[in-house]
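The values are calculated or read from the model by the stated rules, or taken from the named source; none is laboratory data. From a predicted model like this one, the values you see are computed outputs, not experimental measurements. With ideal geometry, Cβ positions are generated from the backbone for all residues, glycine too; neighbour counts draw on all protein chains shown. The protein model used for the area step is the full one, side chains on, heavy atoms only, and it has no ligands, DNA or RNA in it. Shrake-Rupley method; radii C 1.70, N 1.55, O 1.52, S 1.80 Å.
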Amino acid sequence: MRGHGRATPYLFLAPYLVLFTVFVLGPAVFGLWMSLHDWDFQLPGKPFVGLQNYKDLFDPLSATAEPFWHGMRATGIFTIASVPFLVAVPLGLAVLLNRHFPGRTFFRAVYFAPYVLGVAVIGLMFRYILDTTFGILNAFLGIFGVPEIGWTTEQPYAFVALVAVTVWWTTGFNAIIYLAGLQDIPAEQYEAAELDGANGWQKFRNVTLPGLRPVTVFIVTITLLASANMFGQALLITQGGPGDTTTTALMVITDVGFSQFRMGQAAAMSYLLALCLAVVALITFGLMRERKS
């Protein structure tokens, strides 16, 4: 019976461990193995090439280096442009929705509602809304004499459109997380601040923001990772254009792997992207962690 008691935690963990091994750990190890081979679905042989696929990504003469780093550049631009809005806008929204006013629950649901839509729905909907010729947005702006804007065919409007769509789509998720964090801040801290004569801004700066530090670290980290993995919006709304300016790293990896059947090189790109994201996440976590005095 005592031995059975020791095994109980592992029995509860077993279903998760099986799923994690089959769908996460196994594919990760297999993908790393593929990245060390010239893995082409169309060829019977898949010769071992070692780190050559990784070396090619740093070789300017390689056919894979230029598209990959162009994709990384587009990914970086989108991430830098979108993350500040995806952190600041949900925070402000959460502060407003945390107040007591009639219809508060309704507005919480309204702001969260877009997040439940799939990327395919969002992409197709905004593809028509932002169309240069017959899009609703240009038609509306035309009422005020604004000339046609190539939201999906000109820069910097293409990035502006992608960032705006993503902020509208995902703000509700981050706002709900912030809202949960706000409700965990003890009311006594705000009461003490009021007794000290603090105004609204001072309470926000000295009570709300420090109380939300763990939540903010979490939101910044997951938002960085999500933005760096942006795929569906660019594929469906701008189709990687104009030119290849909005072709993200994931789009390049997908094209190399599933259109050109060079899975070994695509796997190497994936692991290099993952390494870059891990480094960025660690730096972000280190910069935002609470420092002990």
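Miscellaneous remarks
- Boolean, ALA234 is small (Gly, Ala, Ser), open to solvent by 30 Å² or more (accessible area, probe 1.4 Å), within 18 Å of the chain's Cα centre (by Cα) and at pLDDT 90 or above: no
- Among (1) open to solvent by 30 Å² or more (accessible area, probe 1.4 Å); (2) of a type in the set (S, T, N, Q); (3) within 20 Å of MET230 (Cα to Cα) - the single one THR152 does not satisfy: (1)
- The residue of the stretch 19-65 that is farthest from the chain's Cα centre (by Cα), among those that are open to solvent by less than 50 Å² (accessible area, probe 1.4 Å) and among the small types (Gly, Ala, Ser), is GLY45.
- Flag for LEU130 being touching a residue at least 12 places away in the same chain (Cβ under 8 Å), crowded, with 17+ Cβ neighbours inside 10 Å and not small (Gly, Ala, Ser): yes
- Scanning the stretch 84-106 for residues that are in contact (Cβ under 8 Å) with a residue 12 or more places away in the chain and open to solvent by 60 Å² or more (accessible area, probe 1.4 Å), we see that the one that is nearest to ALA164 (Cα to Cα) is PHE85.
- Residue count for the stretch 237-253, restricted to those that are surrounded by fewer than 20 Cβ atoms within 10 Å (Cβ to Cβ) and more than 25 Å from ILE129 (Cα to Cα): 0
- Only one entry of ALA109, ALA120, ALA113, ALA81 meets the criterion of being out of contact with any His (no Cβ under 9 Å at 6 or more places or on another chain), of a type in the set (A, V, I, L, M) and surrounded by 13 or more Cβ atoms within 10 Å (Cβ to Cβ), and that entry is ALA81.
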